[in-house]
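The numbers here are math on the coordinates, done by the rules we state, and not lab data. Not measured: the values here are computed from a predicted model. Neighbour counts are summed over all protein chains in view; Cβ atoms, including those assigned to glycine, are modelled from backbone coordinates with ideal geometry.
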Amino acid sequence: MRAGCIFLLLVFIGQHALAHHVKGGYIRYEYAGAGASSGTSKYKVTVTVFYGCGVEGPRTSVTLRALNGATGSQVLSTTINTTTSATSTKKSFSSCMVNPPTICYEIYTYVTTITLTDITAGYVLAVTDEYRTDNIINIANSSSTGIAITATIPGNSGADYHENTSPVFDFKDTAIVCYKEGFNYQFAASDPVDNDSLSYSFGNGLNTSSSSSAPFFASLTYNSGYSGASPMGSGVTINPKTGLISGTAPTTTGEFVMAVYVKEWRNGVLIDSVKKELQIYVYNCSLTAAELAPSYTNCDSFTTSFKNEASASNISSYYWDFGVSGTNADVSTEATPSYTYPDTGVYTVKLKVVSTSGCSDSTTSQVAVYPAFSPGFTVSGNCYQSPFLFNDTSYIKYGYITYRLWNFGDETTAADTSSLKTVSYTYPSAATRTATLSITSSKGCSETVSKTVNVTDKPDLSLAFSDTLICSIDTLQLQAYGNGNFVWTGNNIINANSSSPYVYPKDTTQYIVTLTEKSCVASDTVTVNVVDNVSLNVMPDTTICTTDSMQIFTTSNALHYQWSPSTYLSSDTAKQPLAFPPNNTTYTVMASIGKCVANDAVQITTVPYPAVTASNDTSICYGNTAQLSATINGSSFTWLPVTSLVNANTLTPVAGPMDTTAYAITVYDTLGCPKPSTDVVVVNVVPKVNAFAGNDTAVVINQPLQFNASGGAVYLWTPSTYLNNPAIYNPVGTYHSADTITYTVKVSTAEGCYAYDDIKVYVFTTKPDIFVPTGFTPNHDGLNDVEKPILVGIKSFKYFGVYNRWGQRVFFTEQQGKGWDGTWNGTPQPAGTYVFIALGTDYTNKEILRKGTFVLIR
């Protein structure tokens with residue numbers, strides 16, 4: 001879309017009249033009707049200038065000059081005296097504010113009516129002065145930098161846009177901005193006269209230096225970190241729809257130049273731009289504040305997220321009330337809560353915050369909840385000289401559409417817009433465009449959606465097929481698809497000017513179709529191959545194993561096939577179907593190209609697989625063998641594996657595996673089925689039985705001895721003397737006289753495999769005790785190499801320790817049966833006398849402690 005020409009109006013303030021005290025301003029114009037002379041228009045122009053309070057300087061008048069919008073040449077100059085003046089001072093501050101600032105503006109207005117000739121180029125007005133206030137943070141050399149306040153009026157090219165009244169700014173310029181704090185600053189404007197759409201953006205502030213292009217004034221020079229688009233740094237932005245300025249203030253205090261451009265749109269066309277410029281002071285203050293957005297509109301779901309828009313760091317608690325009547329559950333104490341509303345409607349949300357010092361603040365805002373708002377559209381068309389049809393498919397469950405604007409993305413004109421639900425548009429040339437649809441509902445929901453439109457110089461043309469085959473005695477119907485006029489060329493054709501002509505070529509022919517849609521032309525070709533007969537050759541007769549399948553290979557130029565019988569085929573119309581007959585079968589195929597037909601057949605003979613049955617799976621004990629057997633119906637066989645088989649070339653081999661093994665017998669035949677049959681017999685080998693009766697032990701008379709054998713599932717002790725039950729793994733023996741007896745236990749598995757082990761029991765007539773030999777000879781001859789305690793009647797062994805003559809512990813163990821080998825830290829100890837200490841508990845739970853000496857002999 002191309003915007004119309006623009007008038008630019010400039011008001012000039014006398015060079016020294018506002019020296020060092022102008023803080024900003026803006027211009028508003030109002031269309032006052034046609035002028036006295038034909039082709040002229042009258043405008044009421046109001047210039048608003050902000051001055052610093054208590055700053056010296058004349059304010060009695062400004063000079064208005066009008067410039068040609070295209071060339072910048074002056075066409076009008078007039079002096080305007082002061083019309084009104086007022087002082088705006090913020091006097092009330094929140095009690096939670098620390099170090100509140102002084103905020104004051106003197107606001108002067110200058111009003112006049114001017115008459116301008118209606119021209120397509122437009123005009124210009126601005127307020128200028130050579131000097132701004134001193135020490136502005138975001139621009140360079142502010143004390144020697146001028147100011148130009150500008151506004152624009154659209155020209156009369158193609159529409160009466162020059163009969164326009166510019167937007168009205170709301171005065172809210174005493175807002176407080178504390179450094180490093182979050183803030184919201186409403187820069188909103190309205191258009192009560194024309195009801196045009198407004199958009200907002202940051203832009204360059206203007207100096208008094210001239211420029212060759214509109215608005216004919218040079219941009220300010222910004223210090224590092226700032227620009228016209230980011231006048232307070234990257235942390236501060238402006239909402240393009242609402243004009244709300246928000247973010248986190250800079251960490252530097254002082255004045256910042258801020259220029260906001262308000263653009264006025266009518267039916268999607270930009271018709272003017274008005275700049276309001278103001279110097280914002282960032283103060284050294286802090287505020288415990290509750291601050292919400294001016295309003296919330298949720299068009300997507302019933303759940304809305306909230307946060308405190310003020311960024312005070314000293315808030316200790318939050319209390320939210322989401323405004324649902326009839327319930328006390330619509331509250332939260334989170335800093336950033338989300339709440340799901342029960343129904344559509346407009347609710348009042350309230351936020352109260354309390355600081356760490358106990359100071360509190362609260363605020364409210366409106367929440368409109370109207371989900372199921374889904375703008376969308378469809379577009380159809382192809383050729384740039386034919387209309388494209390656009391259809392609004394937006395779904396709005398709540399409310400109705402109050403605003404609809406199409407923008408068809410045609411950069412060559414400003415007239416590519418519409419507000420109709422269904423509309424057509426014709427593009428002037430082939431190109432890729434982006435079409436947009438902006439929708440606003442009566443509930444305040446608004447969204448713009450877009451689609452890429454591919455505009456070509458050829459209509460859409462497609463064919464049902466591009467290459468086919470017919471018989472020379474047949475007629476074929478061709479088929480093309482598209483919008484426009486069809487023309488086919490080629491021999492032997494009927495209805496050549498239709499999308500679906502009939503052709504009856506006698507030889508292979510290429511047919512060309514041309515589709516014309518206005519000046520857009522597309523073409524394509526169809527090749528019709530012509531034959532006089534069908535060639536057909538089915539594979540030779542064959543043999544397969546019963547239950548197997550095979551593919552019937554066929555060579556042919558036919559287009560269609562019909563097999564008979566149709567049973568036991570993957571498809572009876574395929575060229576090469578998969579066949580799986582249960583018995584001998586002859587399949588016949590009829591192949592055709594139109595009226596041309598050929599036939600052929602193939603016989604498939606089925607032969608059963610060779611038969612084999614192996615003996616049942618079996619189990620053997622470790623080290624034993626198993627007899628295998630098999631019955632077969634075949635010409636030969638093999639057993640695998642053969643390494644643990646005896647007589648592996650017979651049907652009755654003997655298997656002696658060390659581990660569980662699966663033996664496969666494979667049988668072959670020569671009757672026609674080339675595939676073998678296999679059966680498997682598994683010989684399960686029971687692992688070797690590791691029988692353990694226990695270590696030899698010693699007891700005293702009347703001490704119960706608990707045995708604990710392991711290694712199997714079934715146990716039998718012999719002899720059974722003194723045992724309470726010889727058929728369990730853990731019998732108890734009780735002895736009444738001195739004896740030495742050896743028991744043998746037979747340990748068996750569930751499969752019947754078994755092994756034996758022995759245990760020797762020494763029975764003493766002494767009381768329970770711990771005996772330590774009086775000496776030992778650790779010379780590694782296998783005799784008396786280890787000094788260890790002998791336990792008699794001891795149920796629980798605690799420890800055994802050895803000390804040298806200097807009281808150093810050279811050995812210690814808590815493990816029964818372990819002793820000292822005569823070394824300490826790997827070093828052999830000298831011969832001599834050593835002290836021992838041993839502790840245990842007897843079978844009556846009495847503690848037995850023994851101390852003494854023994855001799856190490858080398």
Hits in the stretch 301-328: amide N under 13 Å from the 7 Å Cα→Cβ extension of residue 340, namely 301-304
Restricting to Cα pairs under 8 Å and 6 or more apart, the percent relative contact order of the stretch 6-282 works out to 22 percent
Counting only residues 5 or more apart in sequence or on a different chain, those whose built amide H sits under 5 Å from that of residue 197 are 265, 267
Taking every DSSP bridge whose two residues both lie in the stretch 697-764, the antiparallel percent to the nearest 5 is 80 percent
Around residue 156 (Cβ within 15 Å, Cβ-to-Cβ, excluding residue 156; K/R +1, D/E -1) the net charge comes to -2
For the chain the mean separation of alpha carbon contacts under 8 Å (6+ apart) over residue count, i.e. relative contact order in percent, is 6 percent
The FRET efficiency for residue 734 and residue 798, from their Cβ-Cβ distance with R0 = 30 Å and rounded to 0.05, is 0.75
The distance between the Cα centres of the stretch 403-459 and the stretch 548-591, in whole Å, is 57 Å
One finds the C-alpha centres of the stretch 30-74 and the stretch 768-841 to be spaced, in Å, by 117 Å
The summed charge of the residue 842 Cβ neighbourhood (under 10 Å; Lys/Arg +1, Asp/Glu -1) stands at +1
Along the stretch 214-228, Karplus-curve 3J(HN,Hα) (6.51, -1.76, 1.60; θ = phi - 60°) to the nearest Hz, with x for Gly and Pro, reads 4, x, 6, 9, 6, 6, 5, 8, 9, 6, 4, x, 10, 7, x
Of the listed links 746/795; 767/788; 798/818; 44/276; 397/421, those spanning more than 21 angstrom between alpha carbons are 746/795
Yeah, the stretch 462-531 with a ≥ b ≥ c from its alpha-carbon gyration tensor (a/c under 1.5 is rounded, else prolate when a/b outruns b/c, oblate otherwise) is prolate
Gyration tensor on Cα atoms of the chain, a ≥ b ≥ c root eigenvalues, a/c under 1.5 rounded, else prolate if a/b beats b/c, else oblate, says oblate
So for the stretch 6-282, using the alpha carbon gyration tensor with a ≥ b ≥ c as root eigenvalues (a/c under 1.5 gives rounded; past that, a/b versus b/c decides prolate or oblate), I'd call it prolate
Projecting the Cα atoms of 539, 157, 482 onto the charge dipole of the chain, where Lys and Arg contribute +1 and Asp and Glu -1 at Cβ, the residue farthest towards the positive end is 157
Residues other than residue 408 with Cβ under 9 Å of its Cβ, Lys/Arg counted +1 and Asp/Glu -1, net out at -1
Sorted by chain and then number, the residues having a modelled amide H within less than 5 Å of the amide H of residue 492, at least 5 places away or on another chain, are none
Stretched fully, the stretch from residue 508 through residue 85 gains (0.36 nm per residue minus C-alpha distance, one decimal, in nm) 142.8 nm
Magnitude of the Cβ-charge dipole (Lys and Arg +1, Asp and Glu -1) of the stretch 387-532 about the Cα centre, nearest 20 debye, reported as 720 debye
Taking a label point 7 Å from the Cα of residue 465 along Cα-to-Cβ, the residues of the stretch 589-610 whose backbone nitrogen sits under 16 Å from it are 591-597
Taking 785-793, 547-555 and ranking on average Cβ neighbours within 10 Å, highest first, one gets 785-793, 547-555
Relative contact order of the stretch 373-455 (C-alpha contacts under 8 Å, at least 6 apart) in percent is 34 percent
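Could you size up the charge dipole of the chain around its Cα centre, putting +1 on the beta carbon of Lys and Arg and -1 on that of Asp and Glu, and report it in debye to the nearest 20?
In total the dipole reaches around 1980 debye.
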Per the rule of 0.36 nm per residue minus the C-alpha distance, extending residue 140 to residue 357 adds in nm 74.1 nm
When 306, 812 are arranged by how many other beta-carbons sit within 10 Å of their Cβ, fewest first, they go 812, 306
Quick calc: nm separation of the 7 Å Cα→Cβ label points for residue 102 and residue 549 -> 9.8 nm
Residue span residue 562 to residue 762: 0.36 nm per residue of separation minus Cα-Cα distance leaves a gain in nm of 62.4 nm
Between residue 586 and residue 721, the two model label points (7 Å from Cα along the beta-carbon direction) sit apart by a distance in nm of 9.4 nm
Sorted by chain and number, the residues with a modelled amide H under 5 Å from that of residue 118, at a separation of 5 or more or across chains, are 40, 41
Each label sits 7 Å from Cα toward the beta-carbon; between residue 160 and residue 401 the label points are separated, in nm, by 2.7 nm
In the chain the DSSP beta bridges are antiparallel at a rate, in percent to nearest 5, of 90 percent
Quick calc, residue 524 & residue 600: beta-carbon distance into FRET formula, R0 45 Å, rounding 0.05, result 0.75
